[in-house]
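Undergrad: Below: one structure in structure tokens.
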Amino acid sequence: KLIGILLNGIVHFDNRIKQIAFKVLGNEIFGSEHYSIHKKYEIFKITAKKILTMLSDTSSDELLFLTCAAGIQCMYRFISEYIYSFGEIAIPTPNKVAFFPGTFDPFSLSHKEIARTIRDMGYEVYLAVDEFSWSKQTLPHLLRSNIISMSIADEKDIYIFPDEYPINLANPDNLAFLRESFKETEVYIVVGSDVIQNASAYAIEKSPNSIHSFNHIIFERRISTSDDNIDNFHTKLKNIDGDIVMLSLPPQYEDISSTQIRNNIDKNR
């Protein structure tokens, strides 16, 4: 819990709080003379991926940049000392990874509950902010990413997928890269039932690395109940060759909609 509080500080919107959080994490934990190297190793295993995926561009604020650089130097000293004394640092490889793409405009309690539920089922969850939903007139990409970072900073085994590698579900080359990125792990794509029904990726023909070749975790959302729509959904479901895990949300989360949140904000409600 204490590490979660520090990680929340690292993604805070106030740069002064970021500075203090990074100073504590670097100087007073990894640079501490009171903690044993084995204690630091346990903390490093929890925080390493989080820091890698949450550390945003600090070049616009020189003081923040210097604070982060000093904190990272303490971590680097620990890494060097541990490797010299005990050999390679082994970060555990997850058995199953859940890749959860979405517009996340904005990231809601419903999204967070889905990520938590999947994490509790034994998956390592990666949230990917979608670059390809041009029709939705979304908020700027970085703003959406920052909201997600602040929402999941203290959640174990839930990470943001790096922005440098955009993944388009309709592009087999992108999906091949995703598979290669987790080549020792089973990759599951997380989508809503409405995405299966409406997204263009599921309408294209199958190919070796198309979306149909992946395992899926599908969370149920209300879809139009006409016979044609239900038949269309089940036909697309049968086209998926990988494992399919169906997930349903508790009622209090099922009705939360990002579209409804955006509309209410627009109406000043």
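The values are calculated or read from the model by the stated rules, or taken from the named source; none is laboratory data. The shown structure was predicted, so the numbers you read here are calculated from the model rather than taken from an experiment. Don't worry about glycine lacking a Cβ; one is built from the backbone with ideal geometry, like all the others, and counts go over all protein chains shown. Accessible surface is based on the protein model in full, side chains and every heavy atom, while ligands, DNA and RNA are left aside. Shrake-Rupley method; radii C 1.70, N 1.55, O 1.52, S 1.80 Å.
Undergrad: Return the subset of Lys40/Lys112; Lys45/Lys236; Lys23/Lys156; Lys18/Lys45 for which the Cα-Cα distance in this structure is over 32 Å, preserving the input order. It would help to have the intermediate numbers written out before the result.
TA: On the way: Lys40/Lys112 29 Å; Lys45/Lys236 40 Å; Lys23/Lys156 21 Å; Lys18/Lys45 21 Å.
Going by Cα-Cα distance, Lys45/Lys236 fall outside the 32 Å limit.
Undergrad: To continue, here is another question. What are the principal axis extents of the Cα atoms in region 14-75, in Å, biggest first?
TA: 35, 22, 18 Å, listed from the longest principal axis down.
Undergrad: If each residue of separation counts as 0.36 nm, what is the full-extension length gain between Met121 and Ile204 once their alpha-carbon separation is subtracted?
TA: Details: separation 83, 0.36 × 83 = 29.88 nm, distance 3.05 nm.
Length difference between fully extended and current span is 26.8 nm.
Undergrad: What is the sum of charges around Tyr82, taking Lys and Arg as +1, Asp and Glu as -1, for the other residues whose C-beta is under 13 Å from the C-beta of Tyr82?
TA: On the way: positive: Lys39, Lys40, Lys45, Arg77; negative: Glu42, Glu81, Glu88.
Result for the neighbourhood of Tyr82: +1.
Undergrad: Just want to confirm a number: the relative contact order over the chain, from Cα pairs under 8 angstrom separated by 6+ residues, in percent.
TA: Details: 359 pairs, mean separation 48.2, N = 269.
The value is 18 percent.
Undergrad: While we're looking at this one, here's another question. In the neighborhood of Asp157, defined by Cβ-to-Cβ distances under 14 Å, what is the net charge if each Lys or Arg adds +1 and each Asp or Glu adds -1? Intermediate values should be presented prior to the final figure.
TA: Values: positive: Lys45, Lys49, Lys50, Lys96, Lys112, Arg116, Arg119, Lys156; negative: Asp120, Glu124, Asp154, Glu155.
Result for the local shell: +4.
Undergrad: Please list 33-40, 190-197 highest first by mean number of surrounding beta-carbon atoms within 10 Å per residue. Present the calculation step by step, with values, prior to reporting the outcome.
TA: Details: 33-40: 11.1, 190-197: 20.1.
Highest-to-lowest ranking by the protection proxy: 190-197, 33-40.
Undergrad: For region 94-214, take the alpha-carbon Rg, divide it by the Kirkwood Rh, and send me Rg/Rh.
TA: Working: Rg = 13.9 Å, Rh = 14.9 Å.
Using only Cα positions, Rg/Rh for region 94-214 is 0.94.
Undergrad: Here's another thing I want to ask about it. Run the 1.4 Å probe and let me know the accessible area of Glu186, rounded to the nearest 10 Å².
TA: That residue has around 100 Å² of solvent-accessible surface.
Undergrad: Let me see the P(r) profile for the chain: every Cα-Cα distance counted, bins of 5 Å, each bin given as a percent of all pairs.
TA: Result returned by the calculation: 1, 5, 11, 15, 16, 16, 13, 9, 7, 4, 2, 1, 0, 0.
Undergrad: As I understand it, the dipole of the chain uses +1 on the Cβ of Lys and Arg and -1 on the Cβ of Asp and Glu, about the Cα centre. Which of Thr259, Ile152, Asn171 lies farthest toward its positive end?
TA: Looking along the dipole axis, the top candidate is Ile152.
Undergrad: In nanometres, what is the gap between the two model label sites at Asn268 and Ser80, each 7 Å from Cα along Cα-to-Cβ?
TA: 5.8 nm
Undergrad: Related question: So what are the ³J(HN,Hα) numbers for region 24-34, from phi and the Karplus equation (6.51, -1.76, 1.60; θ = phi - 60°), rounded to whole Hz, Gly and Pro as x?
TA: 5, 4, x, 6, 9, 10, 6, x, 6, 8, 8
Undergrad: Taking the chain as a Gaussian network, where each spring joins two C-alpha atoms under 10 Å apart, which residue of Ile147, Ile244, Ile204 fluctuates the most?
TA: Ile204
Undergrad: Explain nothing, just the number: dipole magnitude of the chain about its Cα centre with +1 on each Lys and Arg Cβ and -1 on each Asp and Glu Cβ, in debye rounded to the nearest 20. Could the numbers behind the result be given before it?
TA: Working: 27 positive and 35 negative charges, 122 e Å.
Here the chain has a charge dipole of around 580 debye.
Undergrad: What percent does the relative contact order of region 172-269 come to when contacts are Cα pairs within less than 8 Å and at least six residues apart?
TA: The value is 28 percent.
Undergrad: Would you rank Tyr123, Tyr165, Tyr84 by solvent-accessible area, highest first, keeping every protein chain in place and using a 1.4 Å probe?
TA: Numbers: Tyr123 15, Tyr165 110, Tyr84 200 Å².
Ranked list, largest accessible area first: Tyr84, Tyr165, Tyr123.
Undergrad: Can you list the aspartates and glutamates whose alpha carbon is less than 19 Å from that of Lys49, not counting same-chain residues fewer than 8 positions off?
TA: Straight-distance partners of Lys49: Asp57, Glu88, Asp120, Glu124, Asp154, Glu155, Asp157, Asp163, Glu164, Glu180, Glu184, Glu186.
Undergrad: In Å², and per residue, what accessible area does the chain have when probed at 1.4 Å with the other protein chains present? Show your work: numbers first, answer last.
TA: Working: 15200 Å² over 269 residues.
With all protein chains present, the chain gives 57 Å² per residue.
Undergrad: Cα axis of helix 62-86 to longest principal axis of the chain: angle in degrees, 0 to 90, nearest 10?
TA: The angle comes out at about 80 degrees.
Undergrad: Using a 10 angstrom cutoff on alpha carbons, build the Gaussian network for the chain and name the most mobile of Leu237, Leu63, Leu127.
TA: Result for the chain, Cα springs under 10 Å: Leu63 fluctuates most.
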